[in-house]
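One structure below.
The values are calculated or read from the model by the stated rules, or taken from the named source; none is laboratory data. Remember, predicted model here, so these are calculated numbers, not experimental data. In this analysis, Cβ positions are derived from the backbone assuming ideal geometry, glycine residues included, and neighbour counts consider all displayed protein chains. Accessible surface is based on the protein model in full, side chains and every heavy atom, while ligands, DNA and RNA are left aside. Shrake-Rupley method; radii C 1.70, N 1.55, O 1.52, S 1.80 Å.
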Amino acid sequence: MFQAATINSANKVDFYGELCQQLKGLLHGETDTIANAANTSALMFEMMPDLNWAGFYFLKSEKELVLGPFQGRAACVRIAVGRGVCGTAVEKGTSILVEDVHAFPGHIACDAASRSELVVPLHHNGKILGVIDLDSPSASRFDADDQAGVEALARIFVEASY
Ligand code: SME
């Protein structure tokens, strides 16, 4: 049984260093994409404070993301590339950090409680496979350290699963 260990790090860089080690251990020896996305979502949701949604959207065609494994409230299933925060992150090929979702034109509200959001693309061999999406009920929940940390988690997920 995998037991997530409490992380007592005083700063976010150390926190994500430890979370990355836990994710490597959790995914070790498993290559199934859905299982690994499910466990990655569960670990992020359990360990990262102040989230109301943590999960994956996968590119099922060049034009559309489809909901993958997640933790949180039931969410919208299909997001066109270029739409919302997730579709914009795919179109630009970069992470997007939204301090206030009400100020992001085209934000897609899946849970009315969400106030800030971090979306990180999954890169593999020059292509984008999908995104990790994190929502928080607090404004400005995510900063550059969270972005760098979740980008590291995304790399670990991709290396284990593809
Ligand atoms: N807010 C996202 C939609 C997905 S939900 O937050 C789970 C967006 O604007 O793309």
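Restricted to region 112-129, and to residues that are of a type in the set (D, E, K, R) and under 17 Å from Gly87 (Cα atoms), which residue is nearest to the ligand (Cβ to nearest atom)?
This residue is Glu117.
Where residues in region 86-135 are among the basic types (Lys, Arg) and farther than 18 Å from Phe157 by Cβ, which of them is surrounded by the most Cβ atoms within 10 Å (Cβ to Cβ)?
The residue in question is Arg115.
Sort out which residues of region 53-62 are open to solvent by less than 30 Å² (accessible area, probe 1.4 Å) and more than 11 Å from the ligand (Cβ to nearest atom), and write them in order of number.
Phe58
Val150: open to solvent by less than 20 Å² (accessible area, probe 1.4 Å), more than 13 Å from the ligand (Cβ to nearest atom) and within 12 Å of the chain's Cα centre (by Cα), yes or no?
In short, yes.
Any idea which of (1) near the ligand (Cβ under 10 Å from one of its atoms); (2) at pLDDT 95 or above; (3) not basic (Lys, Arg) is the one Gly106 doesn't satisfy?
All conditions are met except number (2).
Which number in (1) closer than 30 Å to Met1 by Cβ; (2) open to solvent by 20 Å² or more (accessible area, probe 1.4 Å); (3) out of contact with any Lys or Arg (no Cβ under 9 Å at 6 or more places or on another chain) marks the one condition that Asp50 misses?
It fails just one condition, (3).
Going residue by residue through region 50-63, is there one that turns out to be assigned to a helix (DSSP H, G or I) and basic (Lys, Arg)?
The answer is no; no qualifying residue exists.
Every residue, every condition in (1) closer than 19 Å to Arg155 by Cα; (2) within 13 Å of the ligand (Cβ to nearest atom); (3) surrounded by 19 or more Cβ atoms within 10 Å (Cβ to Cβ), yes or no:
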position: Thr33; (1), (2), (3): yes, no, yes
position: Glu64; (1), (2), (3): no, yes, no
position: Phe70; (1), (2), (3): yes, yes, yes
position: Cys76; (1), (2), (3): no, yes, no
position: Gly84; (1), (2), (3): no, yes, yes
